[in-house]
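Below is one structure, written out as structure tokens; comments come after it.
The values are calculated or read from the model by the stated rules, or taken from the named source; none is laboratory data. Keep in mind the model is a prediction, meaning the values are calculated, not measured. Note that each Cβ is placed from the backbone with ideal geometry, even for glycine, and that neighbours are counted across all protein chains shown. These accessible areas exclude ligands, DNA and RNA; they are computed on the full protein's heavy atoms, side chains included. Shrake-Rupley method; radii C 1.70, N 1.55, O 1.52, S 1.80 Å.
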Amino acid sequence: MGAQQVAERFAELYGAQPEGVWAAPGRVNLIGEHTDYNDGFVMPFALPHQVLAAVSRRTDGVLRLHSAEVGGGITELRLDGLTPQGDENWTAYPAGVVWALREAGHAITGADVHLSSTVPTGAGLSSSAALEVVIALAMNDLYGLGLPRWKLARLCQRAENVYVGAPTGIMDQTASACCEQGHALFLDTRDLSQRQIPFDLAAEGLRLLVVDTQVKHAHSGGEYGKRRAGCEKGAALLGVDALRDVPYAGLDEALARLGDEEEVVRLVRHVVTEDHRVERVVDLLRSGETRAIGPVLTEGHASLRDDFRISCPELDLVVETALATGALGARMTGGGFGGSAIVLAEATDVDTLTKAVEEAFATSGFTAPRVFEATPSPGAHRLH
Ligand code: GLA
């Protein structure tokens, strides 16, 4: 759906043209998983899939929300009645952003919103971050708040953590707000410093496939929070602010100090080696050795499967099948427990690989996966 259609639907719903239309993308994470709440490194890029929002201001303290995909009528909320964790519907994401902006002292007086999304939900591709960021950007522009992108991402994370109640890190919102076309975003989640790394696979005869296993995940469920708590325990036991502070070269010594805390040992080992993998991928890309990132991605998968223990049979099957069919590397991406895997492959192998994964899923009796090619796309922006 394009900006024009979203604006037309807005006019049907609310009886006037919107003041503007904004877009915010979903993301896929190339490498750096479960490092963001450990102050570590991540490297996502924006997908061509986006949430579009047609928005106008209101002055009466009312927020009206409508989604093309969810269907049903318009949800009407009073801004002074917004309370954290009082809403279990999709509307908690946009409402949470308005709540976070108002909590931060910004005088938002209401809005009419119509949304339309092409970001698959529950697929580990950050549909919720895209929804948050599109609202934050629209409010920033319409209300002239002048907030920088990284700050909008922080407010969106606060909406997700406090208002929705999902204890996620800062990666997804920053990716949606700050990514650039043709680049992956090398982000230091401690100080939010960023480097745009050119990532043009097509020019090298390569492709990155996303395989959505159709196994739905949810971050407000307990497992994500348990991993996060385990990492915090590890940092406390090691006497550091965050696991980011455990140097890769000192990993063995740190693990030895954790003694028989078997679970914490596994979590710490994943986070510290994963931060190191992000740095290796950045170095390889900068020296033009793109194909060599494949094995690093695959190592990342093994670490998430064996140490962090957040993979699932469908994700493992994608990785195994892809590697057996000539992929350069493959890994699960996103929060885990379902969602999507990524596969780095020669362009000439894409059809064979796709077929092999589809056949393997059919043979195992799994729901057919959704396979598409991911190209690094623009971050959030105003369409008109
Ligand atoms: C989810 C969270 C992110 C990040 C990833 C795992 O996508 O929203 O903050 O923790 O999982 O890397």
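Here are the numbers for the structure shown:
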read-out	value
Residues of region 236-255 classified as assigned to a helix (DSSP H, G or I) and open to solvent by less than 80 Å² (accessible area, probe 1.4 Å), total	9
Residue count, region 39-61 (criterion: over 23 Å from Ala123 (Cα atoms), away from the ligand (no atom under 16 Å from the Cβ) and open to solvent by 10 Å² or more (accessible area, probe 1.4 Å))	6
Number of positions in region 122-168 that are within 16 Å of the ligand (Cβ to nearest atom), open to solvent by 20 Å² or more (accessible area, probe 1.4 Å), charged (D, E, K, R) and under 23 Å from Ser377 (Cβ atoms)	1
Set Val211, Val268: member being of a type in the set (Val, Ile, Thr), under 24 Å from the mean Cα position of the chain (by Cα) and under 28 Å from Tyr93 (Cα atoms)	Val211
Some residue of region 274-287 being open to solvent by less than 40 Å² (accessible area, probe 1.4 Å) and of a type in the set (S, T, N, Q)	no
Residue in region 7-18 that is within 25 Å of the chain's Cα centre (by Cα) and either within 16 Å of the ligand (Cβ to nearest atom) or not charged (D, E, K, R) (or both) present	no
Residue check, Asp36 open to solvent by 10 Å² or more (accessible area, probe 1.4 Å), within 13 Å of the ligand (Cβ to nearest atom) and among the acidic types (Asp, Glu)	yes
Pairs with Cβ under 9 Å, 6+ apart, first in region 158-173 and within 15 Å of Gln85 (Cβ to Cβ), second within 12 Å of the ligand (Cβ to nearest atom) and among the basic types (Lys, Arg)	Pro167/Arg228; Thr168/Arg228
Unmet criterion (only one of (1) in a loop (DSSP other than H, G, I, E, B); (2) open to solvent by less than 20 Å² (accessible area, probe 1.4 Å)) for Gln181	(2)
Any hit, region 99-119, residues being touching a residue at least 40 places away in the same chain (Cβ under 8 Å), in contact with a strand residue (DSSP E or B) (Cβ under 7 Å, 6 or more places away or on another chain) and within 16 Å of the ligand (Cβ to nearest atom)	yes
